[in-house]
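Colleague: A single structure is presented below for examination.
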């Protein structure tokens, strides 16, 4: 920690309700972007229908940090539990790579 870093940090209290704390299940996601933001739609897909469970909108900088954190967390998971194989998308809804 740098000398004045602790003086600049504040304790952040996070507010939430029980429903939010439960979380939602997602087995599909769609990512879109434009110059100022990334939009991630998390869905529960049960063909022939998908339900949008959550939409998260991030700045490009936050999206890049999230990608780095997820990469690190998956590597830590694999170090502890073994390799994870990416699941294949059942159709065009999912995690597009283009």
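Colleague: Where does each of 67-76, 30-39, 10-19 land if you order them by average Cβ count within 10 Å, highest first?
Modeller: With the highest mean Cβ count within 10 Å placed first, the list reads 30-39, 67-76, 10-19.
Colleague: Between residue 35 and residue 66, what is the spin-label point distance in nm, taking each point 7 Å from the Cα along the Cα→C-beta axis?
Modeller: 2.2
Colleague: Please work out whether the stretch 25-98 counts as rounded, prolate or oblate from its C-alpha gyration tensor, where a ≥ b ≥ c are the square roots of the eigenvalues and a/c under 1.5 means rounded, while otherwise a/b larger than b/c means prolate and anything else oblate? It would help to have the intermediate numbers written out before the result.
Modeller: Values: a/c = 2.08, a/b = 1.08, b/c = 1.92.
Since a/c reaches 1.5 but b/c is at least a/b, the shape of the stretch 25-98 is classed as oblate.
Colleague: Between residue 88 and residue 54, with labels modelled 7 Å along Cα→Cβ, what's the label distance in nm to one decimal, could you check?
Modeller: 2.9
Coordinate-derived values only; no laboratory data. Nothing here was measured: the structure is a model prediction, and the numbers come from that model. Neighbour counts run over all protein chains shown; Cβ positions are idealised from the backbone, glycine included.
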